Amino acid sequence: DTWGHQTGDVVLRRLTEVVHAGIRAADMLFRWGGEEFVVLTVSTGHRKARVLAESLRTLVELHEFPVVGRVTVSIGVAEYTDGESAGDWFRRLDEALYSAKSGGRNFVFESLRGNSNRWSAEGSASPLRLLWQESYECGEQSIDHEHRALFDLANALINASFEREAYPLQFEQRLESLLTHLAAHLEHEERILEAHGYALLDVHRRGHETLLARAAELKQDVQAGNVSTGELVEFLASTIVTRHLFSADREYFPLFTGKGG
């Protein structure tokens, strides 16, 4: 209010640039209202999300913004919990943000609930998991089933990657299972979209070709021993989930949900 809307817009645009520079390619940044933003982090428990939030808070605090100089942010952290609706999750996130603001601003408040608590208690081999939610469903039953299977196969592969040295054959088998399912799914998805007269099928098919080419490269790199667990997770979370499911596949959802053109 002090500087006016035009200056405020400039600051908000610069803020998004600062935040984008501090998150991974697989993470997503959304504007959530006037001066509120949401960072959706993939395969991240609330403890690591708290570390990320502190890092982002510091990046913003140290940045020199045009006209206004230094600004600060308050950040709330909330990890999804199985059985929790999206509305309940975001209400918990909003409560965490309110607590951060009440804590004096330029502050991070972390909700201590989340699936990672259960994984830690169970001694899970990997705290990294891709979480399926109903909002990922397009409404075409076979496609949704195959997408969910992709998540299951990806999580099995991530777990195997942490025991790769002890059980290399298990890792190779799970990688092969994932890539085989991925190729079959993409072909099946194209047939379904063609049957429904999807207008962007050619573009979508080219995206599939790019995805399969990247998968083939990954397989070669794995066989040569040139892929770390981090790179594997980046491929699964960023390339398959974020770019394929969250981006390209979203374009055809109206075919099956009846929304849009």
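Measure nothing but the geometry: give the 0 to 90° angle between the long axis through the Cα atoms of 201-223 and the longest principal axis through the Cα atoms of the chain, rounded to 10°. It is inclined by approximately 80 degrees.
Antiparallel DSSP bridges in the chain: what percent, to the nearest 5?
Working: 5 of 8 bridges.
Antiparallel: roughly 60 percent of the beta bridges in the chain.
Amide H to amide H, with H built 1.01 Å from N, Gly22 comes under 5 Å of no residue 5 or more places away or on another chain. 3J(HN,Hα) along the range 49-64: 5, 5, 4, 4, 4, 5, 5, 5, 4, 5, 4, 5, 4, 8, 7, 9 Hz, from the Karplus curve 6.51 cos²θ - 1.76 cosθ + 1.60 with θ = phi - 60°, whole Hz, x for Gly and Pro. Taking the fewest neighbouring Cβ atoms within 10 Å as the starting point, the ordered list for His204, His188, His181 is His188, His181, His204.
Quick note: the coordinates plus some simple rules give every number you see, no bench work behind them. Note that this is a predicted model, so its numbers are computed, not measured. Note: ideal-geometry Cβ built from the backbone for every residue, glycine included; neighbour counts use all protein chains shown.
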